[in-house]
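Data block below; observations after.
Throughout, read-outs are computed from the coordinates displayed, never taken from laboratory work. What you are looking at is a predicted structure, and each value in this text was computed from that prediction instead of being measured. Using ideal geometry, Cβ is built from the backbone for each residue, glycine included, and neighbour counts are taken over all protein chains shown.
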Amino acid sequence: MFCPQCKTEYRDGFSTCSDCGESLVASLPEDPDTQFVDYEEIMRTYNPADIAIIKSILDAENITYYFQGEHLVLRPMGDAAKLMVAKQDAENVRELISDLNFSYTETSARTEENNEKNNGENDE
């Protein structure tokens, strides 16, 4: 017997999950096939505020993403958190965050634009 909510297994003779209160079933349904997601790095940041803003934008757009190393950002000498996005959404994400002014980024969604701007300043 299994709880369909928390997936706890019970011996015969039980009919209700002691944790969830759900009625037990004889077997659990098959889990859907796990799909591989190919991620692409979009940017890196040291600023938790940048992470929060980006998360709210991507969540609102239902975009698959994660921040690699997000919880290590505040560690002294830690690596920047990397925004990883499903490859099929990468261009859309770059467009969504291109106008944001990030504080402590290691790389930016506007890398080409920044390089052109910096090269133009050096020419003077």
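The figures follow:
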{"quantity": "Total formal charge among the other residues, if their Cβ is under 15 angstrom from that of Phe14, Lys/Arg +1 and Asp/Glu -1", "calculated": "-2"}
{"quantity": "Environment charge of Gln88, counting only residues whose C-beta is closer than 12 Å and scoring Lys/Arg +1, Asp/Glu -1", "calculated": "-3"}
{"quantity": "Sparse-neighbour loop sites [GluC sites (Glu not before Pro); the stretch 4-51; at most 13 other C-beta within 10 Å; DSSP]", "calculated": "Glu30"}
{"quantity": "At most 15 other Cβ within 10 Å, DSSP loop - chymotrypsin sites (Phe, Trp or Tyr not before Pro), the stretch 20-63", "calculated": "Phe36"}
{"quantity": "Trypsin sites (Lys or Arg not before Pro) within the stretch 6-76, DSSP loop, no more than 11 other Cβ atoms inside 10 Å", "calculated": "Lys7, Arg11"}
{"quantity": "R0 of 30 Å, Cβ-Cβ distance Asp99-Glu40: FRET efficiency to nearest 0.05", "calculated": "0.90"}
